[in-house]
Amino acid sequence: MTEEKNESEVMEQTNEKEEVQSMEEVAATTLEIPPLEVGQTVQGTVTKLEEKHVVVEVEECLNDNCNCIVPISELALTHIEKVSDAVSVGDNLTLVVTKLDQDTTILSKKKVDFEKVWAELEAKFNSGEIIETAVTEVVKGGLVVNIGLRGFVPASMVDDKFVEDLSPYQDQVLTFKIVEMEKEKARVILSHREVVRAEKQLAQAQAIAALEVGAIVPGTVVRLASFGAFVNIGAVEGLVHVSQISHEHLKNPADALSEGQEVQVKILKVDPDNKKVSLSIKETMPTPWEQHLADVSAGAVFEGKVRRLTDFGAFVEVFPGIEGLVHISEISHQHIKTPHEVIREGEAVKVKVLKLDADAQKLSLSIKQLLENPEAEITDYDLPKESTGFSIGELFADKFKGLQLATKEEAPKKAKKETTVETKEVKKEVQAEASEDIVFYTPTGKTYHVKAECSRLSKSKNVLSGTLAEANESGHDTPCSLCVK
């Protein structure tokens, strides 16, 4: 009995020693684990889902009174309606301590996720990487997208052109580039416009590389300016200068084109470096010369319009795009110093084709050949040889009584010297006695009153012989300073 009792006492003492040793080991282990601190990152397992939070078991918290929770507002970077939208029981989470109470430790999953997502977005921002995501919400002033956290797209950055109604973008999957980041405010600005522009520039560069000078391609007028029209020919917009729109002279491109109009254009020039393309519409059409050459010939008469006046003549348009030169000498029968004296720009005139140079596409025209020449009828009339005008003797018979004046035809050559002397004597008498002007009637129909004291009179040998034709030879075809017209 004594031996059994001793064994029992020994076993009890052994168990007590083991229990004490175990408690000491646990205490030692507990003392080795530091307490949790705000900002510390820990690992936890979801053990229970509540309405407004989830309960997690944290390995670093072995205290029986350690109650670790994650509020619903700290479960995700974006808004969620219930905790089950973010986690499930048994999920292993990386968390950060945000608050320590006496009996509760508040943890956050959102802060850990934010740091991770922000680092990824920052790398994409720096590299210019394109992000593809859906539009989750249309708000005043732009679009909201989910890029791991909330991203905002201003309305001005939705497209490369103005968009008045953003509602069609709801739930659309679009491509974006990050254009601005501010970590303190968790602010990320994205742009779809940048992606659209980059895609267009790439397509434009490829399209320009494929263009061939001289090729004729279809296009659409997209914009009109005072200097020309911009035409879309696929991924490229080219300029049709106003001078290349029509063979006719245009002041305003809107006179011939309208936005949205379909046209054929010829590629004149390609500048890949500056991404510029020069186009022509008129070179896809037959030239006016090709259209009307058969209708133009020397001697033909046309109704035209004066387009330009210069010092040397007038340019008259006889067909749209076909102009000819009326030299100043072919404008009027009268002597003019400049074309502006008798015609004006825009005036309708009749012209006669004098010369046609089809190769050089030049026309020489005349206006005066279609006008009546007031001097032609008299100038072309052959006067009788015996009398080519009124004689001064007939006009001043009473003054020349007793004098015998021979006509040019009647006076013999051998008497030339004698006649000259006689003429001088008569001239002196006329100058002394005549109070009226001597009147000449010209073959062209003009009348000149010549002063008796005119200096030119003394130079004329035949001025008193009876014909103004001879007087004209002496210089009285135009009035002098002493003569009155």
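The values are calculated or read from the model by the stated rules, or taken from the named source; none is laboratory data. Since we're looking at a predicted model, the values are computed, not measured. Here the Cβ positions follow ideal geometry from the backbone for every residue, glycine too, while neighbour counts run over all protein chains shown.
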Return the residue satisfying two criteria in turn: it lies in the range 308-345 and is of a type in the set (A, V, I, L, M, F, W, C) and free of Cβ contacts under 8 Å to residues at least 12 places away in the same chain, and of such residues it is surrounded by the most Cβ atoms within 10 Å (Cβ to Cβ). Phe315
Those strands (runs of 3 or more DSSP E) completely within the range 148-250 that have 2 or more residues that are among the β-branched types (Val, Ile, Thr) are 173-182, 187-191, 216-225
Go through the residues of the range 128-136 one by one and say whether even a single one is in a strand (DSSP E or B), over 30 Å from Gln170 (Cα atoms), within 60 Å of the chain's Cα centre (by Cα) and not charged (D, E, K, R). no
Are there any strands (runs of 3 or more DSSP E) wholly within the range 288-367 with 1 or more residues that are modelled with pLDDT of 90 or more and of a type in the set (Ser, Thr, Tyr), and if so which? 301-310, 362-366
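If the requirement is being over 16 Å from Leu268 (Cα atoms), of a type outside the set (S, T, N, Q) and at pLDDT 95 or above, which of these qualifies: Val221, Val240?
Val221
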Would you please list the contacts, defined by Cβ atoms under 6 Å and residues six or more apart or on different chains, that run from a residue in the range 268-283 that is without any contact (Cβ under 8 Å) to a residue 40 or more places away in the chain to a residue that is surrounded by 14 or more Cβ atoms within 10 Å (Cβ to Cβ)? Lys282/Gln244; Lys282/Ser246; Lys282/His247; Glu283/Lys266
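Being loosely packed, with under 13 Cβ neighbours inside 10 Å and not polar (S, T, N, Q) is the filter here; which residues of the range 270-293 pass it?
Asp271, Pro272, Asp273, Pro286, Glu290
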Counted residues, the range 251-262 - those being surrounded by 14 or more Cβ atoms within 10 Å (Cβ to Cβ) and part of a loop (DSSP other than H, G, I, E, B): 3
For the range 81-104, does any single residue satisfy the condition of being of a type in the set (A, V, I, L, M) and touching a His at 6+ places or on another chain (Cβ under 8 Å)? yes
Tell me, which residue of the range 64-123 that is within 21 Å of Pro35 (Cα to Cα) and touching a residue at least 60 places away in the same chain (Cβ under 8 Å) is surrounded by the fewest Cβ atoms within 10 Å (Cβ to Cβ)? Lys99
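May I ask you to list the residues in the range 79-104 that are among the β-branched types (Val, Ile, Thr) and either at pLDDT 90 or above or part of a helix (DSSP H, G or I) (or both)?
Of everything in the range 79-104, those that are among the β-branched types (Val, Ile, Thr) and either at pLDDT 90 or above or part of a helix (DSSP H, G or I) (or both) turn out to be Val83, Val87, Val89, Thr94, Val96, Val97, Thr98.
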For the range 288-302, pairs from a residue that is more than 10 Å from Gly321 (Cβ to Cβ) to a residue that is surrounded by 14 or more Cβ atoms within 10 Å (Cβ to Cβ), with Cβ under 6 Å and 6 or more apart or across chains, are Val296/Leu356; Ala298/Val353; Ala298/Leu356; Ala300/Val353; Val301/Lys352; Phe302/Val318; Phe302/Val351
Kindly provide the set of residues from the range 132-188 that are small (Gly, Ala, Ser) and surrounded by 16 or more Cβ atoms within 10 Å (Cβ to Cβ), ordered by number. Gly142, Gly148, Gly151, Ala155
